[in-house]
Amino acid sequence: MQGIKINKKVLVVGDANVDLIVHYPQLNDNGQTAFQAPVMSGGGTAANTAIALRKLGVAVDFMGTVGDDQYGQYALDEFIASGVGTEPLIIDKALNTVCVFAFIDEHGERYPWAWPQERESFKELNPERILWRAVEEAGWIHSSGMIMPYDTSARKSIVEIFKRAKEHGITTSFDLNLRVQNNELDESYRQTVLALLEYCDYVLGSGKEELYYLNPMPNWRDSAKSFVRQDRVVIARMGAKGSLALTKDTDWEELPFPVEVKDTVGAGDVYNAGFIAARLLGKSLRESIIWGNGVSGYKVARVGSRATPNLEELTLFLSGFGVQITI
């Protein structure tokens, strides 16, 4: 099967790090403890989206910051090996690339812990080192809210990047990735996210855990709907219930594909890739959330945030559930 032929290049802006997948020990039927060896892979919510997009055949550049260290080199090497453009990537000797220890339980759920916890590179995006040409020449810009909770250069720079994108008529998408503490969202953090959403064409996030907290209402769907405009679509991911696309005129809801879950790390990140690829191909919103569900479903049945399909593998996966896609 031929790859996707799209003239537009996607610029993904945000965090890149390394994941170390550590599975909990489990008891076998004979009473013995079974261990799986830890597995290292590239990580970062934005980086996961970028590489998943590239595997689907979409041209991608990545903009963010990594340290000049072994983890930063690991992230850079993975970008290069996957074909993601790294010209906009900033390497800063004064910062540390984070390693996220992702502890996985028997249900495939993750419990992350990051190290080191000082001078983390993903929190910084120096506006004086940003390759603004890459911003202005992009056909689509996507970013993740992973770095928005911190009042650092990355928070300020991403808002400015999306503002410039809007001024240049570039399509934008933003995955909320909200960090809610004790059922509350820091108000300055919330206001920054709301300011950024003014420049977004597509807002993606978990319905109950993210969209609700941006504008709490008795029903989280009403919270999600409150962010819809004529020129802004909201995509609510609902975990085991699939995903929902909300527009001013209609809503589309699609169930997930039933798979045995092995690892949920990066499931939302790679959903974004499936959705964006479909939209770039001119697919309808309904088809696009099916693609998102498909890429996410393929990934969660495998270990690691980078276990995503290429176009042929996605086609085969979806056909197994009676869904035919055309390019």
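The values are calculated or read from the model by the stated rules, or taken from the named source; none is laboratory data. Note that the coordinates shown come from a computational prediction; the quantities given were computed from them, not determined experimentally. Counting neighbours? That spans all protein chains shown, and the Cβs are built from the backbone with ideal geometry, glycine included. Each accessible area value is taken on the protein alone, full model and side chains, heavy atoms only, with ligands, DNA and RNA left out. Shrake-Rupley method; radii C 1.70, N 1.55, O 1.52, S 1.80 Å.
Take the range 131-146 and flag every residue that is surrounded by fewer than 21 Cβ atoms within 10 Å (Cβ to Cβ) and either touching a residue at least 40 places away in the same chain (Cβ under 8 Å) or in contact with a helix residue (DSSP H, G or I) (Cβ under 8 Å, 6 or more places away or on another chain) (or both).
If the condition is that a residue be surrounded by fewer than 21 Cβ atoms within 10 Å (Cβ to Cβ) and either touching a residue at least 40 places away in the same chain (Cβ under 8 Å) or in contact with a helix residue (DSSP H, G or I) (Cβ under 8 Å, 6 or more places away or on another chain) (or both), then LEU131, TRP132, ALA134, GLU136, GLU137, GLY139 are the ones that fit.
Among the listed residues GLY274, GLY239, GLY292, GLY297, which satisfies the condition of being modelled with pLDDT under 95 and among the small types (Gly, Ala, Ser)? Even if it seems obvious, please write down each step before you answer.
Values: GLY274 fails: modelled with pLDDT under 95; GLY292 fails: modelled with pLDDT under 95; GLY297 fails: modelled with pLDDT under 95.
The conditions single out GLY239.
Return the residues of the range 147-191 that are surrounded by fewer than 20 Cβ atoms within 10 Å (Cβ to Cβ), among the aromatic types (Phe, Trp, Tyr) and modelled with pLDDT of 95 or more; say none if nothing qualifies.
none
I'd like the residue in the range 283-324 that is of a type in the set (Lys, Arg) and in a helix (DSSP H, G or I) and, out of all such residues, is farthest from GLY242 (Cα to Cα).
LYS299
Filter the range 213-226 down to the residues that are open to solvent by 20 Å² or more (accessible area, probe 1.4 Å) and touching a residue at least 12 places away in the same chain (Cβ under 8 Å) and list them by number. Steps first, please.
Start the filter on the range 213-226 by keeping residues that are open to solvent by 20 Å² or more (accessible area, probe 1.4 Å), which leaves 213, 215-222, 225-226.
Once the filter is applied, which keeps residues that are open to solvent by 20 Å² or more (accessible area, probe 1.4 Å) and touching a residue at least 12 places away in the same chain (Cβ under 8 Å), the range 213-226 yields TYR213, ASN215, TRP220, ARG221, LYS225.
So which residues in the range 7-50 are buried (at least 20 other Cβ atoms within 10 Å of the Cβ) and more than 30 Å from CYS200 (Cβ to Cβ)?
ILE21, HIS23
Quick one: which of THR315, THR308 is of a type in the set (S, T, N, Q), open to solvent by 10 Å² or more (accessible area, probe 1.4 Å) and either more than 18 Å from VAL203 (Cβ to Cβ) or free of Cβ contacts under 8 Å to residues at least 60 places away in the same chain (or both)?
Answer to the selection: THR315.
Condition (residue is more than 17 Å from the chain's Cα centre (by Cα), over 22 Å from ALA50 (Cβ atoms) and basic (Lys, Arg)) applied to the range 270-285: is it met by at least one residue?
No, the range 270-285 contains no residue that is more than 17 Å from the chain's Cα centre (by Cα), over 22 Å from ALA50 (Cβ atoms) and basic (Lys, Arg).
Give the residues of the range 233-270 that are open to solvent by less than 10 Å² (accessible area, probe 1.4 Å) and either in a loop (DSSP other than H, G, I, E, B) or in contact with a strand residue (DSSP E or B) (Cβ under 6 Å, 6 or more places away or on another chain) (or both), sorted by residue number.
VAL234, ILE235, ALA236, GLY242, SER243, LEU244, ALA245, LEU246, ASP263, VAL265, GLY266
Quick one: GLY207 ticks every box in (1) modelled with pLDDT under 95; (2) closer than 30 Å to THR192 by Cα; (3) open to solvent by 10 Å² or more (accessible area, probe 1.4 Å) except a single one, so which number is it?
For GLY207, the exception is condition (3).
Output the number of the condition that GLY83 fails; it satisfies all remaining conditions of (1) under 19 Å from ALA134 (Cα atoms); (2) buried (at least 17 other Cβ atoms within 10 Å of the Cβ); (3) touching a helix residue (DSSP H, G or I) at 6+ places or on another chain (Cβ under 7 Å).
Here GLY83 meets the rest and fails (2).
Of everything in the range 196-227 that's in a loop (DSSP other than H, G, I, E, B) and over 20 Å from the mean Cα position of the chain (by Cα), which residue is nearest to THR171 (Cα to Cα)? Talk me through it step by step, then tell me what you get.
The first filter runs over the range 196-227 and keeps only residues in a loop (DSSP other than H, G, I, E, B), leaving 198-201, 215-219, 226-227.
If we keep only those that are over 20 Å from the mean Cα position of the chain (by Cα) too, we end up with 215-219, 226.
On the way: ASN215: 24, PRO216: 27, MET217: 29, PRO218: 32, ASN219: 29, SER226: 21 Å.
Step by step, filter the range 196-227, then rank; the result is SER226.
Among the residues of the range 100-129, write down those that are at pLDDT 95 or above and either closer than 17 Å to ALA301 by Cα or hydroxyl-bearing (Ser, Thr, Tyr) (or both).
SER121
Yes or no, residue by residue, for (1) in contact with an Asp or Glu (Cβ under 7 Å, 6 or more places away or on another chain); (2) under 20 Å from ALA267 (Cα atoms):
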| residue | (1), (2) |
| --- | --- |
| TYR71 | no, no |
| LEU76 | no, no |
| ALA81 | no, no |
| PRO88 | yes, no |
| VAL100 | yes, yes |
| HIS107 | no, yes |
| TRP113 | no, yes |
| ARG129 | no, no |
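Kindly indicate whether any position in the range 228-242 is among the polar types (S, T, N, Q) and under 26 Å from GLU184 (Cβ atoms).
So far as the range 228-242 goes, no, none of its residues is among the polar types (S, T, N, Q) and under 26 Å from GLU184 (Cβ atoms).
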